[in-house]
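The values are calculated or read from the model by the stated rules, or taken from the named source; none is laboratory data. Not measured: the values here are computed from a predicted model. Cβ atoms come from the backbone with ideal geometry, glycine included; neighbour counts cover every protein chain shown.
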């Protein structure tokens, strides 16, 4: 396979709070190739959004990227090396803040946020905001940028774009605003667009329209996408490859069809099993028991073991790194679960453990402050 | 709508909603409704009611779950609150245990609330952050003078256990719980007074998928154990399919279809239901994605379309009887009309437009003449005139615009009744509540159709 | 809704408030103990003289009748006759109002011009030294009585350093012939500025401090907005984000605060005029009270209320101009 | 003064210690004990508490001396000119300074006023007036504003319309002018100053409480209580009032400072505490005639006001940070 467009290796982003260090992203690695839509899926709190803002180096304080490598088209977005004094310091090749702003953000990597209601500035017109970003990232003058903005609004299906150009965000419905944000991203002609749960706040019919449109436009412009979502249906519909995140880690990574039909991690299967289906009536849902633990104090061993129906004693002790489990000639399919023979840590001999999966609902409290008044 | 809709008129039903309307005054304040115009008489008083719920009727039988599904803004939450009399209905009745809640107020209404409870969407904001879980669960019992202090505490603990929480958590504050657990506290509170009927307003939509399933399972178990009747509101058809016995589909303040679950999902009779079903994503990469998506925005509930409210987006809107176009030609006219309304193209050249919109079928006759006239307006950049011709002469002439649909059709899959508010079902209907004069009136050009000039 | 319609609507909404002000003023003034006639005529007036005066000022009629007459008078611009000055109340007010308005305008100009940069810098450099300085300055500003600032300014800058005059005010549009030491209009203006400087700071400091505080917190919030994140993600330079993206949204609460601050500032004007012996509306109301000139008390109180209401309408309109959402779903 | 109330209305607190959105933080943020704990942890709030505590102590001392001992302590410690009319030293500067009237003396650490009275003792005794008026005026405003705001916000409709129009009107007349007119009508002494200032604070609390009630009324937990059949009265007492506690506490703290400022202004104009009762505003008013020869006479009462009001403002700001109104988010 060709050189990836974006390559993330062992990325770690942590938040330094009063209560301790929150390891929001804890050593994830994935690639995005040209022209593909890569899914990043997981429940809330899995660290998806932190991962995407890390790629743009836009993690808000008190968060900080503490380790790993991010390479984009041969440039180092993030990378550390050990200095003479043994301290880690940014590598010389790492882009400066100004270079990030001028060369990467918007121009090479654009982002679409989850909340279309809050992402647009309420006091500026839609057109004005669009034009500004185009001017900055495409080196066009104001007139050209305006034309480009109007064309792009039409492209994403905004009716009467000339007149709506001068309207304000509050005059647009949620779906329309999300289209504007997509137009914004596409208009800057980046190579990669990060879409952070862009359809979560929308109705299914609107979501459907937007996904259709994105698929068409993605083909037309050949842009790569990182598509962040919690919804497996969206993944099934739009993604080429998928990374499943749980508690700051990527626990399974596969092509979309393999992920659904040859699921290798118990969390992924549990997630798929817990969903009600629109196309058939299920007698009973099989939920994942318990809740996701806090990233401030993750369980030892496999982080999912506390909720895993297949957990054994060894899962409590061994922390599995993701491994490629695909057969020769197949597309890579990595998973971080010791039940696979490749790990060879004695899963089969290990006795099953009592977990929240069998312990009922009463377990799984968040630990902080329960007793305080 | 009174003859066929509601689909049931079962006097035994636990809850009977009849022709319920809830309008909101768009403006508030003493002078808020006063508008100043640039022309004489300069001041006018506007009435811009938002018709959130507009003539809804249905029954809920004891022990069943009625699912109510619709997109955001369709009025489903307002309907829930109006049914429970948390909002005062503008008109209509809600019979619960033989009493019309709409006519109750004050203390008698408060007493009725013992038997009907509600569960809210947001597990965070529905619990008072300054109250411990125990008192939260006990509050309804206290309000209805149930048991003594110790009895209430014992019952609260018992209920916490029933909904899957640790009774030891009686003394914890809500913030110490996760979203799913808070929703369980909500359940315990609702159950505390032993109600017959619970309205669940999107109870799982704020939860992660894996947690959704836990809560849904618990709700089903509790329904069985306590003999509960649910009105279950959701925008997620998968959830509705899982939990409901019967399903009502709501669009812009109206119920457009109501049938048993299997019937509705497998044999939908309303184009909107069809469109919704087609729009649901399936968690399966081999499913082939969604098909036939709706386009356009939901119209404003301040001034909803006449007749069938879905007709402005309906892919199957019926050709007015006065024209005799082929089906393809009529579809093209509709597509063109909506494109003009949305100003979604730039071209003004009639030939280009003809080939773009009417490539396979061009209307002839009267329709063709009107279309040429509209194209002429477009060419002169008079979009408004073009729009007026297309809307007034085509869209507004359709039976979908002149008569409000209400039909009962035979059920294919189950014994239950199947209500569908779509004129396409005219011929197969076993009963209808449509003003025949309005349907007939549309046939004769120029006839006064009272609803048509909306 | 157009701006014009919005303006008309705001004015219409203000009418009940204005009538309310007249009502409160009228009944308060009628509570004033002592009879103005006593003051006019001395301790032992002749009975018929008293009655003549009472009839002249309409004091012999029942209170509700006098109220309606007064209300009608206000509507037509007739505020009655000042007993003390023996001139129409309106005439006295028109003479003094420009002084107070000039003082107010300059104080607000000073406050806004200094506070907005201070607040913005403070928000941008949160928890850095610049922020601490700005916060301490604004804390002292909101905690200091304006009249005391005036006194200190006089002691330091007028008495000690002799840079500015300690009392009085020259209006910039006064005739040079009427102003001592001024030959040309320019010199009148120069003198006016010279006189205005200390009272302006005295009156403006509180406003400055309040605006700085709200500007800071509003900018802090705005800088955390999603739209700011989006702008950053699209490579917009930080300076543009502060100056444009975050700034404009952040000004909305600031405008509200300026409108509300008018009330404090109008009260402060009474004190400042006292400290600097400026013959404005503030001195007029004090003179009226000290002489139990109750027509004048009513008139001045009323005009203070009216000025405030007009100020609030102006800030509302400014707000609606800056926030496109207002014309949509106001209230 | 409205400014502070608007701050909390607009949910734009001077929040200083946002945790920056680290994932999944939950903490107990309720109850009185939590409030005290937060205040202890917040440096600003602590400093404010110290200042307010100190001023309150001084005021209590002055009140004790005044009511119980009839100025015995003051007279014993500090020179009183009325006790020795032959030997009055007027307008002395503070100790260590010199002016045309003489050299500062240790008996009058801050100098004497135009009648030869000791400035330090008068400043101390001014604290009593300031604090009494500040607290009582705030209490009046809080009481009136709470009742009107709660009724108005909870019931809405025409009751709301009428009450809001009335308070709007009161609000429309600049505070100081309104209080002056009020005192002219009813009486120029301290009691009416207090009532007058209290009345001007009514709209401030009304606005705050009404907006809190309106927003809390829309909260799901209030709707849940209504749906459960809880009586209106219990909803107000169990849900609405406890949840309005934090912003009202903040506003009340700030309002004490504001009231002290207004009353000082009133005294300065000759409304309020009448001589010889010592009050800061009145001292400043008297000092105006001697600004050139004895400028220090004008300085100390002003500093006393400044420190007191700063104390309340710091405490209010600290409380606002500590009890961030966004707790429900």
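Residue check: residue C:211 meets all listed conditions (1) more than 14 Å from chain D (Cβ to nearest Cβ); (2) touching a helix residue (DSSP H, G or I) at 6+ places or on another chain (Cβ under 9 Å) but one, namely (1). The residues of the range A:190-213 that are away from every other protein chain (no Cβ under 12 Å) and modelled with pLDDT under 90, listed by number, are A:197, A:198.
Give the range C:182-206 a look and list any residue that's surrounded by 14 or more Cβ atoms within 10 Å (Cβ to Cβ) and assigned to a loop (DSSP other than H, G, I, E, B), or say none. Matches in the range C:182-206: C:182 only. With a requirement of 1 or more residues that are under 30 Å from residue A:16 (Cα atoms), in contact with a strand residue (DSSP E or B) (Cβ under 8 Å, 6 or more places away or on another chain) and more than 9 Å from chain B (Cβ to nearest Cβ), the helices (runs of 4 or more DSSP H) lying completely within the range A:255-330 that satisfy it span A:266-273. If the condition is being in a helix (DSSP H, G or I) and surrounded by fewer than 24 Cβ atoms within 10 Å (Cβ to Cβ), then the range A:182-203 contributes only A:186. All conditions but one from (1) surrounded by fewer than 20 Cβ atoms within 10 Å (Cβ to Cβ); (2) within 13 Å of chain D (Cβ to nearest Cβ) apply to residue C:285; the one that does not is (1).
More than 28 Å from residue D:234 (Cβ to Cβ) and either assigned to a helix (DSSP H, G or I) or within 13 Å of another protein chain (Cβ to nearest Cβ) (or both): is that true of residue B:56 in this structure? So residue B:56 does not fit the description; no. Once the range A:139-159 is narrowed to residues that are touching a helix residue (DSSP H, G or I) at 6+ places or on another chain (Cβ under 9 Å) and more than 21 Å from residue A:214 (Cα to Cα), the residue that is surrounded by the fewest Cβ atoms within 10 Å (Cβ to Cβ) is A:141.
Against the definition (modelled with pLDDT under 90 and in contact with a strand residue (DSSP E or B) (Cβ under 7 Å, 6 or more places away or on another chain)), how does residue B:178 come out, yes or no?
No; evaluated as a whole, the condition is false for this residue.
Scanning the range D:98-116 for residues that are in contact with a helix residue (DSSP H, G or I) (Cβ under 6 Å, 6 or more places away or on another chain) and more than 17 Å from residue D:291 (Cβ to Cβ) yields D:109, D:116. Got at least one residue in the range D:237-252 being more than 8 Å from every other protein chain (Cβ to nearest Cβ), assigned to a helix (DSSP H, G or I) and within 30 Å of residue D:110 (Cβ to Cβ)? Within the range D:237-252 (the criterion being more than 8 Å from every other protein chain (Cβ to nearest Cβ), assigned to a helix (DSSP H, G or I) and within 30 Å of residue D:110 (Cβ to Cβ)), the answer is no, since none of the residues qualifies. Summed over the range C:228-281, residues that are in a helix (DSSP H, G or I), out of contact with any strand residue (DSSP E or B) (no Cβ under 8 Å at 6 or more places or on another chain) and over 20 Å from residue D:177 (Cα atoms) total 22. State whether the residues of the range B:187-207 include one that is over 24 Å from the mean Cα position of the chain (by Cα) and within 22 Å of residue A:288 (Cα to Cα). Within the range B:187-207 (the criterion being over 24 Å from the mean Cα position of the chain (by Cα) and within 22 Å of residue A:288 (Cα to Cα)), the answer is yes, since at least one residue qualifies.
Among the candidates A:249, A:162, A:219, the residue that is touching a helix residue (DSSP H, G or I) at 6+ places or on another chain (Cβ under 9 Å) and either more than 10 Å from every other protein chain (Cβ to nearest Cβ) or in contact (Cβ under 8 Å) with a residue 12 or more places away in the chain (or both) is uniquely A:162. Within the range D:129-149, restricting attention to residues that are surrounded by fewer than 24 Cβ atoms within 10 Å (Cβ to Cβ) and closer than 12 Å to residue D:190 by Cα, the residue that is modelled with the highest pLDDT is D:136.
Of all residues in the range B:204-243, count the ones that are modelled with pLDDT of 90 or more and part of a loop (DSSP other than H, G, I, E, B). Final tally of qualifying residues: 2.
List the helices (runs of 4 or more DSSP H) inside the range D:1-105, counting only whole elements, that have at least 3 residues being within 23 Å of the chain's Cα centre (by Cα), at pLDDT below 65 and within 14 Å of another protein chain (Cβ to nearest Cβ).
Counting at least 3 such residues, we get D:3-9.
Residue pairs, Cβ under 6 Å, 6 or more apart or interchain, first in the range D:213-236 and touching a residue at least 12 places away in the same chain (Cβ under 8 Å), second outside any helix (DSSP H, G or I). List them. If the second residue must be outside any helix (DSSP H, G or I), the pairs left are D:219/B:125; D:221/B:126; D:221/B:127; D:221/B:128.
Taking the criterion of being facing chain C (nearest Cβ under 7 Å), more than 16 Å from residue D:207 (Cβ to Cβ) and surrounded by fewer than 24 Cβ atoms within 10 Å (Cβ to Cβ), the only residue of the range D:158-183 that qualifies is D:182. Entry remark, the range D:184-196: residues being within 11 Å of chain C (Cβ to nearest Cβ) and buried (at least 24 other Cβ atoms within 10 Å of the Cβ) number 2 in total. On the stretch given as the range C:235-282, residues that are crowded, with 24+ Cβ neighbours inside 10 Å, more than 10 Å from chain D (Cβ to nearest Cβ) and more than 24 Å from residue C:101 (Cα to Cα) total 2.
Filtering the range B:323-353 to residues that are assigned to a loop (DSSP other than H, G, I, E, B) and either within 14 Å of another protein chain (Cβ to nearest Cβ) or surrounded by 16 or more Cβ atoms within 10 Å (Cβ to Cβ) (or both) leaves B:323, B:325, B:343, B:344, B:345, B:346, B:347, B:348. Looking across the range B:278-322, the residues that are facing another protein chain (nearest Cβ under 9 Å), in a loop (DSSP other than H, G, I, E, B) and more than 30 Å from residue B:362 (Cβ to Cβ) come down to B:280, B:281, B:282, B:283, B:284, B:285, B:286, B:287, B:289, B:290, B:298. Say we look at the range C:318-331 and pick out the residues that are surrounded by fewer than 17 Cβ atoms within 10 Å (Cβ to Cβ) and at pLDDT 80 or above; which of these is farthest from the other protein chains (Cβ to nearest Cβ)? Per the criteria, the residue is C:318.
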